[in-house]
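Questions regarding the structure given below will be posed in turn.
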Amino acid sequence: MGSRTRHFAIITVLIAVSTVVVYFLINLYLFERPFGASAEASQIETMFQAHFILMGFLFAIIVVPLGYAIVVFRQKEGDDTDAPHIHGNTTLEIVWTIIPVLIVVGFAIWGSFFYWDLVSANEGEVEIRVQGYKWDWTFYYPEHSVPGEPPRQDQTLVVETGQPVVLTMQANDVIHAFWVPQFRVKQDVVPYNIAIRSDNGDRQVIDLSFANPNYEEAAEAFNYSPQEVRIIPDQPGVYRLRCAEICGTQHWAMLANVIVLDTDDYQAWVNGELTLPADPNFANGTPDTEGYYLDELKAFCDEQEFSGVNCESEY
Amino acid sequence: MRTLYYIVTSALVRGLIGQGITAFVVYQGMVSLRNALGYDTTQGVYDEPSGVMAALISVIGFLLAAGVFTDWLKWIGGEDPPLKHGAQGRPEWTRYINVDVNHKVIGIQYGIASMVILLLGGLLAIIFRLELAMPGLQFLDGDAYNTLFSAHGIIMIVSIFSGIAAMINYLGPVMIGASDMSFPRLNAFSYWVSIPAATVLLSALVVGGWDTGWVAYPTHSTTTTMLGVQMFLLGFYINGFSSIASGLNMVVTTVYMRAKGMSYFRMPIFVWAAVSASILQATITQTVGLALTMVVAQRALGLEFFTPVTDPALIELGFPGGDPTLYQHLFWFYSHPAVYVWILPGLGVISELLPVFTRKPLFGYKWIALSSVGIALVGSIVWAHHMFTSGMPVTWKIPFMISTLFVAIPTGVKFFSWVATIWEGKMRFDTPMLFVLGAISVFLLGGLSGPILGTIATDMHLHDSYFVVGHFHATIFGGFVFPFFAAIYYWWPKATGKMYSEALGKLHFWIMVPGFWVMSLTQMRTGVLGMRRRIADYGPDLGIADEQALITVATLAIGWSILIMLYNLIVSLRSQEEAVPNPWGSRSPEFMSPSPLPEFNFDGPIQVIGEPYDYGLDDSTYVVPASAAGD
Amino acid sequence: MSAVAHDHDHHNPMEPTRSEQVKMNRLGLWVFCLSESFLFFALLGTRFYLWRNPVDGIIRPDLAQIPAFIFTGVLLASSYFMNRAEVAISKDDRTTFNYSMLLTAALGLVFLFGVVLVEWGLATGPELLLGDGAFGAVFYAMTGMHALHVIMGIALILIVWNNGRKGLYTAEDHWAVEACAIFWHYVDLVWVFFYPALYLIGTAIELHH
Amino acid sequence: MSEPTKSGSIYRRGNTAAFWLVVITVIELILALTFESAILLILLSIGKAGIILQVFMNISRLWNPEEHH
């Protein structure tokens, strides 16, 4: 066996081994994902796995030959000569251009369909309107509102297990972003209604706000389409909504509780028979750590007998 | 006494005084004028429109007082002043604080500026990393934290721009066998305009700070009451003049000033990278300039570019409102490719140094050269991947996802070619080579964490999280910081004629590389777990307190290692020993000349008669003096 | 310490010749024009991004057509005289050079005042206000950014005219005139795209002020 | 180099270019007031830009620097 063949055989084995080791390291420890609480989370998990495998392989294919060369080919003591004169290999260059092109095209096609599928409307979905403002969130439930009256609202996002939801979003000052790590979805929330100078020089505000009882008509008249994101929550528990776009002084504290309830509890909440934990917002109070509210949430979890994992892992 | 006199009368000090006086006079004048016109000038920390005007004009004040315009003003008067070379009868060291047209002096001026600004940005990072080391707010409030991280971002960016300009200016002309840049006065202008830009930028910290991050998205940036935002926008904007002018200069220099026989595919590989970066810099910078101007104009003049819905009367007539996502398009059209501007010269340094330290030709020279151009081109059409969560239509997102993934291909070509260069190479592990290997490993981290952000499905979770922070720092450390340090160590004996201590250089490396790996990977880990970026505090419910403490420790380690480097370099300057002209056995033109390089780089024109990286081939020569080429 | 070896012989053995320098200047100026094109394309992009509505698609404010048309003609005429000046100096025709330069600057000034006084309505009262949503913002940004370049162009023309009067340029070597011409034509070139974008393309929306 | 006939023809080149520029601008205005076709207007602008680049700005001097002497 020629020395070149031996070198290649050794690194091939090493690359295979490293790929597996690095993949498991990434998947099980380094890039540990939070608990998944929506159908989207399990769907996206497939994509994460594909990327982790790719990361493991690409890492190995670069680092193994690099490390091997450092150890084996390094300049020996007392050797001042140059290395062999190898200035390139066009076939090799073409190979390591074409193969990545194929991988990239594959990923692009798969990723496009994957994403298209992810954001397409689900059957029987209900709308919940999410409003972000400095520095809190309000949720409107048109499903449980009386037409013509101010819509039902809450400081907590409450959703039902297995019920597809479309969350429409607006901000009324600056851009915020909706992120619930356990749902694996994120969406910027863009402002809608800062008025400008009108004829007499005053500033006016039109009410496209979700709080407007006549929101639907106003939205139609002004051709207003808010941002939206779709989820099917599937694990009861308490999660946190976090604003992910810098929005000023208390951006870090712009939180809300997200509570996924099973059908019975959800009905109890709709009927007003279930008391929710306090809203973890500090904008109007003294800023404190989120820890202050954790005991309360823990108590709520215990009371609801949420299956341990989602509440335990959270708090 | 003489020293003090030289300092006080230097261009730097004159410029700063001129800028201060201009700013004061214009500001007071504008306030009086606006008072006279009946505007309220008492709102906020300072009167905003007056402040904007004062900041803009103060830059001209600086440049006039420093004497940057002297030759051009003479030209307006009909004279044709010759270029002034040398120290003008003063000690040599005063060249670095005066307007000097020599590209090497300008390169070193940029280098010093870069390091000073780097230390400042690093200091800010350490302050807010200490805050983040534990959950709960310890010693910063929301506004202070926001100002610090915003300032850290933009200050580091200015430092990076100075750093690449240092490398391109010092190395570009000499590597292609030229005596200087095509436009030496414009080159000096590029450097000197970045100084008042930096002072305007830093003044943001004194006039109230700002809380928008370096991206300054409207409508937050157009409505925030923290008035430093205007100075930040203007400082960023003015720094753009420097980028455009130096990019233009390097492009023309490369086209017209190459030595005889130096065809494009015989240039040192760094020049390819520098030119690709320069082309980007000279063009796309304009769009961010426009985006920043638009925010300034909306705040100061009331032009409603970014206000989504206008008043009902106008809407019924069909009048359009503004759109906050427009800013994001204009901003990222520049700011994504800008990342390639920062890393391409660094990747050039990696490709330049590998053959020298492996004693082997660069594997696939043309592929590496063209991959730089490829990265610049593909990188220009991927900007909207920063907007996957912004509410863009799905039909816009998908093409950007595809183009983003394609960046992997030229980048992959570089990586594979580097590995092939190292394979069977007789490697020597001097400090510059260690930093090159560190750069490859760290840039690999950045590269591998890229595709997962490029596919929209996974980006929905990771966007705006700490994962992005980790990814970004890995690409920038791997693509700029490590190669920049490698370049400093590698060309230090060439630039100064002195040799640094190898032991301290290696110590720097062995602290910084593990420190960075820990910092970056832990940032990514916390991001996946749910840590957002740009937050002053995080809840204990995320379970990432230990990781945060670890990141802070790693950051401190990196900070200390950089101080070791500075100590090492400064001490070496006082050493009596002269470095040999070509300590690394390089074939590059600059190592054919004595150290430090003479005023015009070479004694006479040089000529290229062979390939640049023919290591391992007997009797192969790259450059000779044109007089010896015999034709 | 010094990065540059002490060298008191300040003669550059590789100094570019005049004709080499002119070639570099020319490329430099063109790269600068390319750079500026990114600014103006971004402005055009802004115009088409913001000036649209769901009903009509691309729209524009209904501004007075005749003055805009006349000022466009004035700018074209100035470009014509700029070209004449450059040709004149290349055949050493000083008289034509001098009056053409002055005419160019004068027509440039007419255009500038046309935009500022008539289009912006400083003399007549504006058709469109600064704060009129995206209409006002984009209109003032585009005309303003262009006007800034017109001002720089006029200054350059006057400087070059003055230096030309002193006899600094010859038929063989008049790079400054050429540079000035390229810049001025470039400003005209930008208006070639801005004029239809602002006044002609899209459904006109009536203004009420 | 500067023969009278040749430089006269260079002046004429400018005259012709200016004439066509004006003609296209008039066509633009008429088109805008009648057809409202954005594509056509953009194409006409590109035509005008081509004339200016070639005749007035002498872009070809970039790769053929000696042609005007």
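The values are calculated or read from the model by the stated rules, or taken from the named source; none is laboratory data. Treat the numbers as computed from the prediction; the structure is a model and nothing was measured. Positions of Cβ are backbone-derived with ideal geometry, glycine not excepted, and every protein chain shown enters the neighbour counts.
Which count do you get for residues in the stretch C:158-172 that are within 24 Å of the chain's Cα centre (by Cα) and of a type outside the set (S, T, Y)?
The number of residues fulfilling the criteria is 8.
Here's another thing I want to ask about it. Would you mind stating whether C:L207 is part of a loop (DSSP other than H, G, I, E, B), more than 10 Å from chain D (Cβ to nearest Cβ) and within 30 Å of B:I315 (Cα to Cα)?
yes
Return the only residue of B:I452, B:I511, B:I476 being away from chain A (no Cβ under 12 Å) and closer than 27 Å to A:C243 by Cα.
Among B:I452, B:I511, B:I476, only B:I476 is away from chain A (no Cβ under 12 Å) and closer than 27 Å to A:C243 by Cα.
I'd like to know if the stretch B:54-77 contains one or more residues that are loosely packed, with under 15 Cβ neighbours inside 10 Å, within 14 Å of chain C (Cβ to nearest Cβ) and closer than 21 Å to B:D180 by Cβ.
Within the stretch B:54-77, one or more residues are loosely packed, with under 15 Cβ neighbours inside 10 Å, within 14 Å of chain C (Cβ to nearest Cβ) and closer than 21 Å to B:D180 by Cβ.
Tell me, please, whether a residue that is more than 7 Å from every other protein chain (Cβ to nearest Cβ), farther than 23 Å from D:I24 by Cβ, surrounded by fewer than 19 Cβ atoms within 10 Å (Cβ to Cβ) and in contact (Cβ under 8 Å) with a residue 12 or more places away in the chain can be found in the stretch C:10-18.
Among the residues of the stretch C:10-18, at least one is more than 7 Å from every other protein chain (Cβ to nearest Cβ), farther than 23 Å from D:I24 by Cβ, surrounded by fewer than 19 Cβ atoms within 10 Å (Cβ to Cβ) and in contact (Cβ under 8 Å) with a residue 12 or more places away in the chain, which makes the answer yes.
Then there's this: Can you tell which of A:S38, A:S42 is of a type in the set (G, A, S), touching a Pro at 6+ places or on another chain (Cβ under 6 Å), more than 8 Å from chain B (Cβ to nearest Cβ) and closer than 23 Å to A:K186 by Cα?
A:S38
Can you spot a residue in the stretch A:176-189 that is more than 14 Å from every other protein chain (Cβ to nearest Cβ) and among the small types (G, A, S)?
no
Test of understanding: among B:V271, B:V275, B:V229, which residue is surrounded by 24 or more Cβ atoms within 10 Å (Cβ to Cβ), under 25 Å from B:Q109 (Cβ atoms) and more than 16 Å from the chain's Cα centre (by Cα)?
Of the residues listed, the single one that is surrounded by 24 or more Cβ atoms within 10 Å (Cβ to Cβ), under 25 Å from B:Q109 (Cβ atoms) and more than 16 Å from the chain's Cα centre (by Cα) is B:V271.
When you go through C:F139, C:F113, C:F183 one by one, which is the residue that is modelled with pLDDT under 95, closer than 24 Å to D:K48 by Cβ and under 16 Å from the mean Cα position of the chain (by Cα)?
Only one candidate passes the filter, namely C:F113.
A further question on this structure: Report yes if A:G88 is surrounded by fewer than 16 Cβ atoms within 10 Å (Cβ to Cβ) and at positive phi, otherwise no.
Judged against the criteria, A:G88 is not a match.
Determine, yes or no, whether B:G29 is part of a loop (DSSP other than H, G, I, E, B), more than 29 Å from the chain's Cα centre (by Cα) and under 29 Å from C:A155 (Cβ atoms).
no
Name the single residue that is farthest from C:L27 (Cα to Cα) among those in the stretch C:174-204 being assigned to a loop (DSSP other than H, G, I, E, B) and facing chain D (nearest Cβ under 9 Å).
Looking at residues that are assigned to a loop (DSSP other than H, G, I, E, B) and facing chain D (nearest Cβ under 9 Å), I get C:G202.
Among the candidates B:E316, B:E352, B:E304, single out the residue that is under 30 Å from C:T203 (Cβ atoms), in contact (Cβ under 8 Å) with a residue 12 or more places away in the chain and either away from every other protein chain (no Cβ under 12 Å) or of a type in the set (D, E, K, R) (or both).
B:E304
Only one of A:Y215, A:Y224, A:Y239 is modelled with pLDDT of 75 or more, within 19 Å of B:G321 (Cβ to Cβ) and within 11 Å of chain B (Cβ to nearest Cβ); which?
It is A:Y224.
Looking only at the stretch B:414-435, decide whether some residue is among the small types (G, A, S) and within 22 Å of the chain's Cα centre (by Cα).
Checking the stretch B:414-435: not a single residue is among the small types (G, A, S) and within 22 Å of the chain's Cα centre (by Cα).
Among (1) under 23 Å from A:S112 (Cα atoms); (2) outside any loop (DSSP other than H, G, I, E, B), which single condition is A:R6 missing?
Going through the list (1) under 23 Å from A:S112 (Cα atoms); (2) outside any loop (DSSP other than H, G, I, E, B), A:R6 breaks only (1).
Tell me which of these A:L30 doesn't satisfy, since it passes every other one: (1) surrounded by 17 or more Cβ atoms within 10 Å (Cβ to Cβ); (2) free of Cβ contacts under 8 Å to residues at least 24 places away in the same chain.
All conditions are met except number (1).
Got a number for residues in the stretch B:489-510 being part of a helix (DSSP H, G or I) and buried (at least 19 other Cβ atoms within 10 Å of the Cβ)?
Summing the residues that are part of a helix (DSSP H, G or I) and buried (at least 19 other Cβ atoms within 10 Å of the Cβ) in the stretch B:489-510 gives 11.
Does the stretch B:316-332 include one or more residues that are among the small types (G, A, S) and assigned to a helix (DSSP H, G or I)?
Among the residues of the stretch B:316-332, not one is among the small types (G, A, S) and assigned to a helix (DSSP H, G or I), which makes the answer no.
If you take the residues of the stretch A:242-267 that are without any contact (Cβ under 8 Å) to a residue 12 or more places away in the chain and not charged (D, E, K, R), which of them is surrounded by the most Cβ atoms within 10 Å (Cβ to Cβ)?
A:I246
Right, next: Check A:A83, A:A16 and return the single one that is at negative phi and crowded, with 18+ Cβ neighbours inside 10 Å.
Unique residue meeting the criteria: A:A83.
With respect to B:T293, determine if the residue is β-branched (V, I, T), touching a helix residue (DSSP H, G or I) at 6+ places or on another chain (Cβ under 6 Å), at the interface with chain C (Cβ under 9 Å from one of its Cβ atoms) and over 24 Å from A:N172 (Cβ atoms).
no
Specify the residue that is surrounded by the most Cβ atoms within 10 Å (Cβ to Cβ); the eligible residues are those in the stretch B:526-551 that are more than 17 Å from B:V468 (Cα to Cα) and more than 11 Å from every other protein chain (Cβ to nearest Cβ).
B:L550
Here's a check for you: in the stretch B:106-149, which residue that is within 20 Å of B:I558 (Cα to Cα) and small (G, A, S) is surrounded by the most Cβ atoms within 10 Å (Cβ to Cβ)?
Looking at the filtered set, the residue picked out is B:G111.
A further question on this structure: Read through the list (1) in contact with a helix residue (DSSP H, G or I) (Cβ under 7 Å, 6 or more places away or on another chain); (2) part of a helix (DSSP H, G or I); (3) buried (at least 17 other Cβ atoms within 10 Å of the Cβ), then give the number of the only condition that A:I103 fails.
So A:I103 meets the others, but not (1).
So which residues in the stretch A:85-132 are more than 32 Å from the chain's Cα centre (by Cα) and of a type in the set (F, W, Y), if there are any at all?
Correct list: A:W96 only.
Scan the stretch B:558-577 and give yes if some residue there is more than 30 Å from A:I86 (Cα to Cα), of a type in the set (D, E) and buried (at least 18 other Cβ atoms within 10 Å of the Cβ), otherwise no.
No; the residues of the stretch B:558-577 include none that is more than 30 Å from A:I86 (Cα to Cα), of a type in the set (D, E) and buried (at least 18 other Cβ atoms within 10 Å of the Cβ).
Of all the helices (runs of 4 or more DSSP H) wholly in the stretch C:10-113, which have at least 1 residues that are under 30 Å from B:Y334 (Cα atoms)?
It comes to C:18-50.
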